[in-house]
Amino acid sequence: MGGKYRITGDTYPRMRRPRHRRGLVLAGIGAVVALSLAGWGTLQLIDVFTGGDKSASAADHKRDCPTAKPSAAPVKALPKPAAIKVNVYNATTRSGLAKSAAEELKKRGFTIGEVGNATKAYDKKVPGTGVLLGAPTATSGSFTVLGTQLAGTVQKTDTRKTGEVDLILGAKFKAFSTPQEATAAMTALTKPAPAPSPSC
């Protein structure tokens with residue numbers, strides 16, 4: 001060939017496809033794999049420092065602290081109104097108050113004893129709605145039942161041996177609780193109290 005440049009020797013240059021694209025693909029795949037491994041390692045470290053599987057921890061907690069079955073505290077049986085003998089005394093200046101109160105209590109099932117004016121120790125000396133007077137054993141039985149009929153009464157005990165109870169009506173007495181209110185109060189007293197749940 002003529003000209004300025006000549007090709008000498010028996011080796012001719014070959015045209016090859018550039019390797020740049022293949023290198024970029026391999027580099028990208030390697031980066032993805034590296035990021036995946038790094039993310040997996042991070043999750044493992046988080047599990048180590050946070051205590052592992054939360055669901056398993058919750059299951060272990062429930063197993064260690066079993067759910068308590070609702071139970072009720074025993075309630076002492078209260079006497080029926082018919083089993084309570086009530087003496088009704090009037091300590092106010094209003095005439096006929098003891099008689100009308102005794103009649104109302106009789107309608108509600110109570111057994112009525114003496115009815116009249118209060119003794120000198122209590123006559124005109126009861127500023128509240130009334131006083132319940134009886135033996136010490138009445139405080140956890142008869143007083144409780146009779147107290148549902150008249151709110152605000154004061155409870156006092158004496159040395160009597162009998163089970164009867166004195167209801168001494170005071171200056172603020174106007175009327176007994178309504179039958180509905182008395183029934184609701186009695187229900188609240190006889191309803192078992194739920195046992196406290198265990199703390200875990």
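The values are calculated or read from the model by the stated rules, or taken from the named source; none is laboratory data. Remember, it's a predicted structure, so these values are computed and weren't measured experimentally. Cβ placement follows ideal geometry from the backbone for every residue including glycine, while neighbour counts extend to all protein chains displayed. Note: accessible area is taken over every heavy atom of the protein model, side chains too, but ligands, DNA and RNA are not part of it. Shrake-Rupley method; radii C 1.70, N 1.55, O 1.52, S 1.80 Å.
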Please work out which residue is farthest from the chain's Cα centre (by Cα), limiting yourself to the stretch 109-139 and to residues that are among the hydroxyl-bearing types (Ser, Thr, Tyr) and farther than 14 Å from residue 83 by Cβ.
119
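On the basis of being part of a helix (DSSP H, G or I), open to solvent by 70 Å² or more (accessible area, probe 1.4 Å) and either closer than 30 Å to residue 186 by Cα or at pLDDT 95 or above (or both), does residue 120 make the cut? Quick ask: steps written out before the conclusion?
On the way: part of a helix (DSSP H, G or I): no; open to solvent by 70 Å² or more (accessible area, probe 1.4 Å): yes; either closer than 30 Å to residue 186 by Cα or at pLDDT 95 or above (or both): yes.
Here the answer is no, as residue 120 does not meet what is asked.
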When residue 159 is evaluated against the numbered criteria (1) surrounded by fewer than 13 Cβ atoms within 10 Å (Cβ to Cβ); (2) touching a Gly at 6+ places or on another chain (Cβ under 8 Å), which criterion, by number, is the only one it fails?
(2)
Out of (1) open to solvent by less than 20 Å² (accessible area, probe 1.4 Å); (2) farther than 20 Å from residue 159 by Cα; (3) not hydrophobic (A, V, I, L, M, F, W, C), the odd one out for residue 99 is which?
(1)
Under the condition of being among the aliphatic types (A, V, I, L, M) and crowded, with 19+ Cβ neighbours inside 10 Å, which residue from the stretch 134-156 is farthest from residue 97 (Cα to Cα)?
138
